[in-house]
1. Restricting attention to the range 21-76, which residues are part of a loop (DSSP other than H, G, I, E, B) and closer than 23 Å to residue 317 by Cα?
2. Within the range 284-302, track down each residue that is within 24 Å of residue 56 (Cα to Cα) and assigned to a helix (DSSP H, G or I).
3. Before we move on, is residue 304 surrounded by fewer than 24 Cβ atoms within 10 Å (Cβ to Cβ), farther than 30 Å from residue 279 by Cα and in contact with a helix residue (DSSP H, G or I) (Cβ under 9 Å, 6 or more places away or on another chain)?
4. Restricting to the range 256-272, name every residue that is over 30 Å from residue 245 (Cα atoms) and surrounded by fewer than 18 Cβ atoms within 10 Å (Cβ to Cβ).
5. Of the numbered conditions (1) modelled with pLDDT of 90 or more; (2) crowded, with 19+ Cβ neighbours inside 10 Å; (3) assigned to a helix (DSSP H, G or I), residue 350 fails exactly one; give the number of that condition.
6. Can you tell me which residue among 371, 410, 362, 424 is modelled with pLDDT of 85 or more, under 25 Å from residue 234 (Cβ atoms) and surrounded by fewer than 21 Cβ atoms within 10 Å (Cβ to Cβ)?
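The values are calculated or read from the model by the stated rules, or taken from the named source; none is laboratory data. Because the structure is a prediction, the values reported are computed rather than measured. FYI the Cβ positions are ideal-geometry reconstructions off the backbone, even for glycines, and counts take in every protein chain you see.
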């Protein structure tokens with residue numbers, strides 16, 4: 001193995017992805033793929049389990065550490081295998097074609113489920129901002145829900161149109177939305193610290209050990225809090241889906257992954273500190289959307305409108321990330337012969353158009369279906385397993401391909417991947433135990449979706465990028 005730079009790549013022929021992305025996009029992709037509306041809600045869930053400000057902040061630090069160690073592990077894979085397809089690339093190289101097909105299908109399905117849910121939520125928020133839209137007479141009896149779905153479809157259409165312009169347009173929109181999102185959350189933090197709080201000092205957070213939390217109950221409470229925190233950090237791996245499009249992947253991908261996680265950790269800690277500064281801990285623990293309660297306490301009714309706008313901005317940035325990333329999974333599967341080659345067609349701007357249309361069309365159908373409870377349970381199970389696949393691939397490739405050029409080496413190997421893998425496995429088992437029905441349905445959905453891929457003839461080594469065997 002080597003710690004030198006990547007080997008020189010020949011110019012890409014027309015009709016392939018364009019290597020035009022850099023560190024700014026990578027950081028924007030990591031931040032945009034991580035920060036959604038969840039951070040507006042999750043602090044209350046954590047405070048309900050850990051009624052002490054230091055414990056709350058400690059949970060967010062531990063969750064950030066898990067995400068950082070995961071980024072360190074995946075940075076090695078991304079820098080050494082800069083190919084489009086996300087987690088599929090690493091599973092196929094380490095474990096063969098069938099494993100790659102299963103992982104790629106899992107990843108794409110989870111993206112479509114998440115995209116549909118986020119688009120629907122954004123549509124509902126737009127209806128809240130523009131209530132006159134729900135009063136149109138042709139919307140029918142369930143006018144509010146219908147208006148939300150129509151706006152969700154419009155959002156998908158707009159972001160798909162941006163991607164059709166090419167990767168430069170998509171990258172620019174990602175950088176702009178991520179910057180606006182970060183600025184909006186930082187503005188919210190500043191309001192919390194600069195405006196006077198209506199609560200007395202006696203009502204402020206508990207900074208000592210809470211009497212109602214015994215040491216025997218701390219492990220259970222800590223695990224429940226960490227589950228919520230780690231879910232809120234999910235999305236940090238977004239830059240790997242664009243690995244083939246970075247002009248210097250060996251340098252910029254590790255910086256994007258690690259820098260993006262550090263930026264999100266810092267922002268999440270600031271948000272929690274701001275909420276703890278404004279809200280009494282008991283109120284924080286019982287708030288469904290703590291940020292909205294804090295904004296209303298500081299600004300009155302206008303505070304709710306502010307939080308709605310911040311949440312909408314966060315969701316739009318997340319939608320842009322997913323609309324860009326998910327088609328790259330299908331592109332990788334098609335380019336490597338695991339799906340029909342036509343799916344890997346790319347327009348002159350560097351956008352995999354058939355993969356984009358399939359992705360947004362599938363998400364649109366899920367939006368029209370309208371019921372997400374079971375789909376979200378299935379999607380959560382699928383997402384939990386993906387980091388575990390990456391860690392397993394890292395360990396396998398270190399063992400089987402020690403000569404593979406590695407521009408970046410995982411820190412603390414092998415302890416770091418073993419730790420991340422152990423935590424990921426624990427959460428996967430916890431998800432299977434707590435929601436067995438949806439977890440088994442998710443596994444069945446992946447198997448059914450992967451069957452057409454597995455039945456295709458095996459691609460040649462040249463087409464598959466010298467992937468691992470199926471042994």
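1. 22, 35, 36, 37
2. Here is the first cut: in the range 284-302, the ones within 24 Å of residue 56 (Cα to Cα) are 284-298.
Matches in the range 284-302: 284, 285, 286, 290, 291, 292, 293, 294, 295, 296, 297, 298.
3. Numbers: surrounded by fewer than 24 Cβ atoms within 10 Å (Cβ to Cβ): yes; farther than 30 Å from residue 279 by Cα: no; in contact with a helix residue (DSSP H, G or I) (Cβ under 9 Å, 6 or more places away or on another chain): yes.
Spelling it out, it is not the case that residue 304 is surrounded by fewer than 24 Cβ atoms within 10 Å (Cβ to Cβ), farther than 30 Å from residue 279 by Cα and in contact with a helix residue (DSSP H, G or I) (Cβ under 9 Å, 6 or more places away or on another chain).
4. Quick first cut of the range 256-272, residues over 30 Å from residue 245 (Cα atoms) only: 269-272.
Scanning the range 256-272 gives 269, 270.
5. (3)
6. Numbers: 371 fails: modelled with pLDDT of 85 or more; 410 fails: surrounded by fewer than 21 Cβ atoms within 10 Å (Cβ to Cβ); 424 fails: surrounded by fewer than 21 Cβ atoms within 10 Å (Cβ to Cβ).
Only one candidate passes the filter, namely 362.
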